[in-house]
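Nothing in this text is a laboratory measurement; each read-out follows from the coordinates by a stated rule. Since this is a predicted model, take the numbers as computed values, not measurements. When we count neighbours, we look across all protein chains shown, and the Cβ atoms used for this are built from the backbone with ideal geometry, even at glycine.
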Amino acid sequence: MPRIVSKPSSTPNVSGATDPAFLLTRRALVAAALAVPAAAAFARPLGLAAAAPMIDPRLVDRALAALFRHHRHIWSRDMIAIADFGLPSSVPRLFLVDILRGTATALLVAHGKGSDPDHEGRLQRFSDVVGSAATSEGAYLTGDAYEGIHGPSRRLIGLDPTNAHAEERAIVIHSAWYADPDMIAKQGKLGRSDGCFAVGEADIATVLARLGKGRLLYAGRIDG
């Protein structure tokens, strides 16, 4: 069983969202205010270039199902992150989703070398095997921020059977030179991590600030 961080008494719920049903209702209200379907509220362009990808609404549904399933552990529900590993590493695929506003920001993120052994720039498989250097699928609880060998980082706790060894594998969010945009200009894809969620050095401060402790990071892909 993963080690779960207990909710500190000083951490307030956002806008009184103590029940996940309230969260989903609030999301629906935000979507209605934007005059678009609920899924489309998260699937619209993200203020990037016209070619920037959208969030697959099916992956959004999975993330929200995970938020509901693990709501006792995820006490901060204003912001979630969705990593769409069905997309290549050359496009922004880590979405920071503001639940209350129905908006999102997309950033580059690298996947593990064990998930792409031939370095094709696309995730080929998920794995949670210790030593696999692969990316794991599923819901993560964001833990403490710390200063590590890669600089400012954030710990992750796996909440599903598919990522239950995240802590043992030291899977975290950190920055890396190989996740910077200039890698795409040089080789058409990002480099690969050892299974961690590696973002660009210019993006790590934003990710750590917006995706604080006690929030959901969901990693997955839609096949077919």
Neighbours of K113 by Cβ distance under 11 Å: Lys/Arg at +1, Asp/Glu at -1, summed charge -2
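Could you tell me whether the stretch 108-204 comes out rounded, prolate or oblate from its Cα gyration tensor? Rule is a ≥ b ≥ c as square roots of the eigenvalues, rounded for a/c under 1.5, then prolate if a/b exceeds b/c, otherwise oblate. Spell out each step's value before the answer.
Details: a/c = 2.26, a/b = 1.21, b/c = 1.86.
Because a/c hits 1.5 or more and a/b fails to exceed b/c, the stretch 108-204 counts as oblate.
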Could the peptides 78-86, 182-190 be put in order, highest first, of the mean number of other beta-carbon atoms found within 10 Å of their residues? 78-86, 182-190
Could you check the simple spin-label distance between Y146 and F68, using points 7 Å along Cα→Cβ, in nm with one decimal? 3.5
Trypsin sites (Lys or Arg not before Pro) within the stretch 71-177: which are DSSP loop residues with at most 16 other Cβ atoms inside 10 Å? R72, R101, R125
